[in-house]
Amino acid sequence: MTPAQLRAEWRTCWRRPAPEIGPDLLRRGIAWKRQSRVHGDLPLHVRRELDAVLKRLSEGKAAVADDRISLKPGTRLVREWRGTLHQVVVLESGYEHEGRQYASLTQVASTITGVHWSGPRFFDLKSRKAALRP
């Protein structure tokens, strides 16, 4: 496609004018948009992470907050509480405990204990900075 055709296709795919970028990036952007229509958009946890990065950059901070805990979907957290073993599975958009889904680890910890408790603290998750300290 010529650059003019690429810009027209960009407008069709993205429903807005093409940015001032070269033909190679226009092709890639068009291909990504078409693929996302067929195979689905980015997973929710990826979109949240991108939004957080954009917010940090707009505030003049580093793109990545090194002290945040990052748990991949499929990770299993185990904690014994009052003689009962509790297992939590990390999902793409939340957590699962005993067949129920929760939006946060704090909600899981509160359900288990019956009182408000920080989820990361309850499951003994340390920030990356704390884990690196001697």
- Vicinal HN-Hα couplings computed from phi for the range 116-125 (Karplus, 6.51 cos²θ - 1.76 cosθ + 1.60; Hz; Gly/Pro x): 5, 8, 4, x, x, 5, 4, 8, 6, 8
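Calculate, in whole percent, how much of the Cα-Cα pair population of the chain lies beyond 17 Å. Walk me through the numbers on the way to the answer.
Working: 6345 of 8911 pairs.
Distances greater than 17 Å cover 71 percent of the Cα pairs.
Determine the order of Ser70, Ser110 by accessible area, beginning with the largest, at a probe radius of 1.4 Å.
Values: Ser70 75, Ser110 30 Å².
Largest accessible area first, the residues go Ser70, Ser110.
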- Message: Just to verify a number: what accessible area does Glu9 come out at with the full protein assembly present, 1.4 Å probe, Å² rounded to tens?
- Response: 40 Å²
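For Arg34 and Ser104 in one chain, what is 0.36 nm times their gap in residues minus the Cα-Cα distance, to one decimal in nm?
Values: separation 70, 0.36 × 70 = 25.20 nm, distance 3.29 nm.
Here the segment from Arg34 to Ser104 would lengthen by 21.9 nm.
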- Convert each backbone phi in the range 89-104 into a coupling constant with the Karplus relation 6.51 cos²θ - 1.76 cosθ + 1.60 (shift: θ = phi - 60°), then list the ³J(HN,Hα) values in order as whole Hz, x for Gly and Pro. 9, 7, 9, 5, 10, x, 9, 10, 9, 6, x, 10, 9, 10, 7, 9
- Note on the structure: Amide H neighbours of Trp117 at under 5 Å, excluding residues fewer than 5 places away on the same chain, with H built from the backbone geometry, are Ser110
- For the chain, which whole percent of the accessible surface, found with a 1.4 angstrom probe, sits on carbon and sulfur atoms? 52 percent
- Item | Three-way shape call for the range 30-102 based on the alpha-carbon gyration tensor, with the a/c threshold at 1.5 | oblate
- Query: Around Leu91, which amide H atoms from residues at least 5 apart in sequence, or from another chain, sit under 5 Å from its own amide H, with H modelled in the peptide plane?
  - Reply: Gly74, Glu96
- Message: Once each part is reduced to its C-alpha centroid, what is the distance from the range 40-64 to the range 88-106 in angstrom?
- Response: 21 Å
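For the chain, calculate the relative contact order in percent as a whole number, restricting contacts to Cα pairs under 8 Å that are 6 or more residues apart. Before the final figure, lay out each step's value.
Working: 127 pairs, mean separation 18.7, N = 134.
For the chain, the relative contact order is 14 percent.
Computed FRET efficiency, Cβ-Cβ of Asp51 and Gln5, R0 35 Å: what is it to the nearest 0.05? Display every interim value, and only then the final one.
On the way: r = 33 Å, r/R0 = 0.93.
Efficiency, from the Cβ-Cβ distance: 0.60.
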- Note on the structure: Which residues qualify? For His86, with a placed amide H closer than 5 Å and at least 5 residues away or on another chain, they are Arg79, Glu80, Trp81
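The values are calculated or read from the model by the stated rules, or taken from the named source; none is laboratory data. Just so we're clear, the structure is a prediction, and the values are computed from it rather than from any experiment. For neighbour counting, all protein chains shown are included, and Cβ atoms are generated from backbone atoms with ideal geometry for every residue, glycine included. Heavy atoms of the whole protein, side chains included, go into the accessibility calculation; ligands, DNA and RNA do not. Shrake-Rupley method; radii C 1.70, N 1.55, O 1.52, S 1.80 Å.
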